[in-house]
Amino acid sequence: MLAGAGSCARRCISVLASLDSPHILKYAELQSQQMNLKYAFEFGQNLSEKKLVSACQYVQKELPIRLAKAVHLFQHLPYIVAVNPYMIEVLLVYLESFEALRKTKPVQNLQDTLEYTRYVQHVTKLHAKMFQALAAGIAEAKLLPKEISVSEEELDAFMDDFVAARLGRRVIVAHQITLATDLLQGGARPGHFGIFALECRPKEVIESAAAIVSEICSKRFKKAPTVLVSGDVDATISYIPDHLEYILIEILKNAMRHTVKWNMITGDKELPPIKVKIHAGNSVVLKITDSGD
């Protein structure tokens, strides 16, 4: 037991010491170049080998910077949170990924591009498994005794920053993977450039997300409220359908759960619907209303 505890302590110290690595500090200070619709359109339109290689070179430059910034977030955590075994596990994976990506050979041609794309796809899948560990670490931190506790606001702020950074990395990797797939299959899909859809229809995405969440809710509670879509149902936007669906799934999961639980309290025979209204103007806004408490 003592030997195991000592080994664990040494591992924590070693991992946390890596936060002060000159490479981490150097890359964390570099300015990240955001990917916008204009950039995505330039590389996705009339896709060619040359454009795909250039897009991959952007990803190769960006990922180590963004990973270093993500790792740097851990430096702002109180020590009692940072040494949580779950947090150490996540941090170790991120540090190893940073070092591996920093050392990849420069992308110069199509073969390099395809190899790098396959590798970052592997890294993305590995990091996806870490998100549950991170959530578990934060949950345990919220249960610390009062005398050594950390405010929920501080922990939530860390999670918000971490999730936002994770989403940004996933966008540029997913875009690169899709561009490579499109090129190998003969060109971009109609109405798309990479992961972006020129005419994404929110109504269709809402209905798809609602079907997924309804099945989840039905399995858990044996019932699920309907989702009614109204407003500017024919509106379109240039957006990432998969990301819009992910956002809607998370919102609808909460809405359905609260609606069902409130219905159990009130004892009403019918579940009130969840209403989603689409407002289209200079921008498209989705207003989601549920009847939960």
Calculate the length of the line joining the C-alpha centroid of segment 83-129 to that of segment 185-218, in whole Å.
27 Å
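Using a probe of 1.4 angstrom, how much of the accessible area of segment 222-282 is carbon and sulfur, in percent?
52 percent
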Most packed first (mean Cβ within 10 Å per residue), the peptides 183-195, 72-84 order as 72-84, 183-195
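How many times 2.2 N^0.38 Å is the alpha carbon radius of gyration of segment 245-293?
With N residues counted in segment 245-293, Rg over 2.2 N^0.38 Å equals 1.33.
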Give me the distance between the Cα centres of segment 220-293 and segment 29-73, rounded to whole Å.
33 Å
If you take the charge dipole of segment 165-293 about its Cα centre, with +1 on Lys and Arg Cβ and -1 on Asp and Glu Cβ, which of Ile177, Asn263, Ile278 is farthest toward its positive end?
Asn263
So, for the Cα atoms of segment 42-131, Rg and Dmax in Å stand at 15.7, 52
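With N residues in the chain, what two-decimal value do you get for its Cα radius of gyration over 2.2 N^0.38 Å?
So the Cα radius of gyration is 1.17 times the expected 2.2 N^0.38 Å.
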Say we join alpha carbon atoms closer than 10 Å with springs in a Gaussian network model of the chain; which of Ile265, Ile216, Ile172 then has the biggest fluctuation?
Ile265
In nm, to one decimal, how far is the Ala135 label point from the Val163 one, both placed 7 Å along Cα→Cβ?
0.9 nm
Segment Glu207-Ser54, length gained on full extension (0.36 nm per residue, minus Cα span)
51.4 nm
proj_area_mean for segment 93-175 (convex hull on C-alpha atoms), units nm², value 6.3 nm²
With charges only on Cβ, +1 for K and R and -1 for D and E, what is the dipole size of the chain about its Cα centre, in debye, rounded to 20?
500 debye
Unit charges on C-beta of K, R, D, E only; dipole of segment 196-278, Debye:
600 debye
From the convex hull of the Cα coordinates of segment 56-105, what is the mean projected area in square nanometres?
3.4 nm²
Checked against the positive end of the charge dipole of segment 33-90 (+1 on Cβ of Lys and Arg, -1 on Cβ of Asp and Glu, about the Cα centre), the farthest of Val53, Leu67, Val90 is Val53
Under 16 Å from Lys269, Cα to Cα: lysines that are on another chain or at least 8 residues apart:
Lys222, Lys223, Lys261
Gyration tensor verdict on segment 146-293 (Cα atoms; rounded if a/c is under 1.5, prolate if a/b is larger than b/c, oblate otherwise)
oblate
Taking placed amide H atoms and a strict 5 Å upper bound, the residues 5 or more places from Val284 or on another chain that come that close are none
Within 12 Å, Cβ to Cβ, of Lys69, how many net charges do the neighbouring residues add up to if Lys/Arg are +1 and Asp/Glu are -1?
+1
So what's the back-of-envelope 222 nm ellipticity for the chain, counting only DSSP H runs of four-plus at -39500 (n - 2.57) apiece and dividing by all residues, rounded to 500?
-22000 deg cm²/dmol
Which whole-percent values make up P(r) of segment 190-238 when all C-alpha to C-alpha distances are grouped in 5 Å steps starting at zero?
5, 19, 20, 18, 15, 12, 8, 3, 0
Any lysines whose Cα falls less than 25 Å from that of Lys38, other than same-chain ones fewer than 8 residues away, would be Lys50, Lys51, Lys61, Lys69, Lys203
Leaving out same-chain residues fewer than 8 places away, which aspartates and glutamates sit with a Cα under 17 Å from that of Lys103?
Glu62, Asp112, Glu115
Per residue accessible area in Å² of the chain, where ligands, DNA and RNA are left out and the probe is 1.4 Å:
56 Å²
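The values are calculated or read from the model by the stated rules, or taken from the named source; none is laboratory data. None of the values given here were measured: they were computed from a predicted structure. We place every Cβ from the backbone using ideal geometry, glycine too, and count neighbours over all the protein chains shown. Only protein heavy atoms, including side chains, enter the accessible area calculation; ligands, DNA and RNA are left aside. Shrake-Rupley method; radii C 1.70, N 1.55, O 1.52, S 1.80 Å.
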